[in-house]
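Take a look at the structure below.
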Amino acid sequence: MKVIIVGGVAGGATAAARIRRLDEQAEIIVFERSGYISYANCGLPYYIGDVITDPNELTLQTPKSFFSRFRVDIRLRHEVTAIHPERKTVSVINRISGEVFEESYDKLLLSPGAKPTQPRLPGVGLDRLFTLRTVEDTFRIKEYINKNHPKSAVLAGGGFISLELAENLRELGIDVTIVQRPKQLMNPFDSDMAAFIHSEMRKHGVRLALGHTVEGFEETTDGVDVLLKDEAPLHADIVILAIGVTPDTALAKEAGLKLGIKDSIVVNDRMETSVPDIYAVGDAVQVKHFVSGQDALISLAGPANRQGRIAADNICGGDSRYTGSQGSSVIKVFDLTAAATGLNEANARKAGIETDKVILSPMSHAGYYPDGKVMTMKVVFEKQTYRLLGAQIIGYDGVDKRIDVLATAIHAGLKATQLKDLDLAYAPPYSSAKDPVNMAGFLIDNIEKGILKQWFLEDVEQLPRDGSVTLLDTRTPAEFASGHIDGFKNIPVDELRERLNEIEQRKPVYVICQSGLRSYIATRILAGHNFACYNFAGGFRFYDAVKNDRCLIESAAACGMDR
């Protein structure tokens, strides 16, 4: 059997190694148009910021090491220019020698990845305008920085690459502005959770120009002007486009393969395309979202690696199936860690799912053990069925551990209420006897049993201030004095039983505290005395963070800059 693989990195290189492990006799050829077969593309921003100083650390395999271990014929700087399914050949050009030839195959695997989205705007292509996707892109940016010592940079886009670049450029002492049309960074997160990311970026000196439309770029004598719609331009020494990626599927399109979202390659659960004996994996393919079941594009290294393994199994006569992607991800944002899995609330609603949620602020480990830090968790589930839909966590320590537990729970089909039953490891330096994941389950279990009724951030402005309801803040007087929502009355939770006569029993009571714990205790006291009461999800800390972020974004839009 002769297998041709187009593209290396995650999907292609994984498939090549797996095919060899399954079939010692197979002839395997990998054509890679770049100069690198397998590299750590997730580590590229950290080379620019000098976190990784040796460029060789970015290269996971070389043609020599790959051949030595797996006897795979790796041909770098070889670009496949056409696929001929009718005669099972591909056309190839050697970008070094210029030689053009055809190579036959029994099985063909496409792993072309995705390319940086290039907007059709005036000025794209300027010398000081860069994109970051490959090792070569990384070296170009790094060489420019080392040679020209830019003082300022504008990053267009607010996804993973942009945030990682922003952090690493700031570590080099470069002033950074992120500009994009959406009013929040990081689409995997809901806007309320993204507020914590925004705050961390601002804390470290990154200016956010959110809600602004880039209309073009102009070179000046001392840099580049980023032209904005109805706003003064942003000026910088260097501009990096990081507005997303587009499936690189020109080959597949010309060969007549069925295409889907954004011209991605349509595959079945065996990673087979619409053409016999042609498989596809990685950022170029359309997948099913594991939670919603809808078609999706999810460009992450983990799914690409698994798809490569599955395609290899099936190429070698097996029957492996890809069950879908749920978008589990984690990112370092300066001192914060932000992680997500499954559907966020906004996307669940777009998918037509009736959702509910809990928001909590547990400690990373036992409170009595030193250096515990608060994390903010949002767990989204389906009303009525309590099907677990997704989760987002932002904090410092232990975020990745909890998101992986929740990702596993989603994949295993656990109900959100079953989170309370998970038997998770505990020692004071690492967790609490009631792990944050268990705590989320306790809350959801209380909702199912009717013990907990909630109100949310989106309800704040709609709450009547005409005296028809009681608005109750159960924090200490000092906390209340430092900031509170207008119209709320302060009765500390520990005084509530003695002061029940201050609350009219016929009126619903909406309760808030700093994190949601004391207010929950207050609702149980009130419910025990026949009050109708509701607990605020997330607490005042959550409300204040989101409110301040939205005020900053709106004021920035009004005055043309972020504060």
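The values are calculated or read from the model by the stated rules, or taken from the named source; none is laboratory data. The model shown is predicted, which means the values in this text are computed figures rather than measured ones. Please note: Cβ atoms are built from the backbone with ideal geometry, for glycine as well, and neighbour counts cover all protein chains shown. In case anyone asks, the SASA skips ligands and DNA or RNA and just uses the protein heavy atoms, side chains included. Shrake-Rupley method; radii C 1.70, N 1.55, O 1.52, S 1.80 Å.
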Problem set entry | ILE161 being hydrophobic (A, V, I, L, M, F, W, C), touching a residue at least 40 places away in the same chain (Cβ under 8 Å) and either more than 26 Å from ALA280 (Cβ to Cβ) or open to solvent by 20 Å² or more (accessible area, probe 1.4 Å) (or both) | yes
Exercise. Do we have ARG518 as open to solvent by 50 Å² or more (accessible area, probe 1.4 Å) and either of a type outside the set (Asp, Glu) or within 39 Å of the chain's Cα centre (by Cα) (or both) here?
Worked result: yes
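For every residue, the table says whether it meets (1) in a loop (DSSP other than H, G, I, E, B); (2) under 21 Å from GLY302 (Cβ atoms); (3) without any contact (Cβ under 8 Å) to a residue 40 or more places away in the chain.
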{"position": "GLU24", "(1), (2), (3)": "yes, no, yes"}
{"position": "PHE31", "(1), (2), (3)": "no, no, no"}
{"position": "CYS42", "(1), (2), (3)": "no, yes, no"}
{"position": "ILE52", "(1), (2), (3)": "yes, yes, yes"}
{"position": "VAL80", "(1), (2), (3)": "no, no, no"}
For this session: Could you tell me whether any residue of region 452-459 is on the phi < 0 side of the Ramachandran plot, surrounded by 15 or more Cβ atoms within 10 Å (Cβ to Cβ) and without any contact (Cβ under 8 Å) to a residue 24 or more places away in the chain?
Result: no
Exercise. Using beta carbons and a limit of 8 Å, which pairs, at least six apart or on different chains, have the first residue in region 214-227 and under 14 Å from ALA153 (Cα atoms) and without any contact (Cβ under 8 Å) to a residue 60 or more places away in the chain and the second one open to solvent by less than 30 Å² (accessible area, probe 1.4 Å) and part of a strand (DSSP E or B)?
Worked result: ASP225/PHE217; ASP225/LEU234
Problem set entry | Residues being among the charged types (D, E, K, R) and closer than 27 Å to VAL245 by Cα - total across region 84-137 | 8
Problem set entry | Residues located in region 423-451, provided they are of a type in the set (Ser, Thr, Tyr) and open to solvent by 60 Å² or more (accessible area, probe 1.4 Å) | TYR426, TYR430
For this session: Report whether or not ASP404 is more than 24 Å from ALA338 (Cβ to Cβ) and either aliphatic (A, V, I, L, M) or open to solvent by 30 Å² or more (accessible area, probe 1.4 Å) (or both).
Result: no
Exercise. Cβ-Cβ below 8 Å, separation at least six or inter-chain, first residue in region 412-426 and outside any strand (DSSP E or B), second exposed (fewer than 15 other Cβ atoms within 10 Å of the Cβ): which pairs?
Worked result: TYR426/ALA433
Problem set entry | Residue that is open to solvent by 30 Å² or more (accessible area, probe 1.4 Å) and out of contact with any Ser or Thr (no Cβ under 6 Å at 6 or more places or on another chain), where the choices are VAL100, VAL90, VAL80, VAL3 | VAL100
Problem set entry | Subset tally (residues that are open to solvent by 50 Å² or more (accessible area, probe 1.4 Å) and touching a strand residue (DSSP E or B) at 6+ places or on another chain (Cβ under 8 Å)) for region 246-268 | 6
For this session: Check off (1) open to solvent by less than 10 Å² (accessible area, probe 1.4 Å); (2) in contact with an Asp or Glu (Cβ under 8 Å, 6 or more places away or on another chain) for ILE238 and give me the number that stays unchecked.
Result: (2)
Seminar exercise, completed: Taking region 105-147 and the residues there that are open to solvent by 20 Å² or more (accessible area, probe 1.4 Å) and assigned to a helix (DSSP H, G or I), the one that is nearest to ALA250 (Cα to Cα) would be GLU136
For this session: Assess whether LYS350 counts as being closer than 25 Å to SER432 by Cα, surrounded by fewer than 24 Cβ atoms within 10 Å (Cβ to Cβ) and either among the hydroxyl-bearing types (Ser, Thr, Tyr) or without any contact (Cβ under 8 Å) to a residue 60 or more places away in the chain (or both).
Result: no
Exercise. Which one is farthest from ARG541 (Cα to Cα) among residues in region 366-401 that are surrounded by fewer than 19 Cβ atoms within 10 Å (Cβ to Cβ) and among the β-branched types (Val, Ile, Thr)?
Worked result: THR385
Exercise. Just checking, which of LYS288, LYS357, LYS373, LYS378 is under 29 Å from ASP106 (Cβ atoms) and of a type in the set (Lys, Arg)?
Worked result: LYS288
For this session: Among the residues of region 483-500, count how many are farther than 19 Å from ARG524 by Cα, in contact (Cβ under 8 Å) with a residue 24 or more places away in the chain and open to solvent by 70 Å² or more (accessible area, probe 1.4 Å).
Result: 1
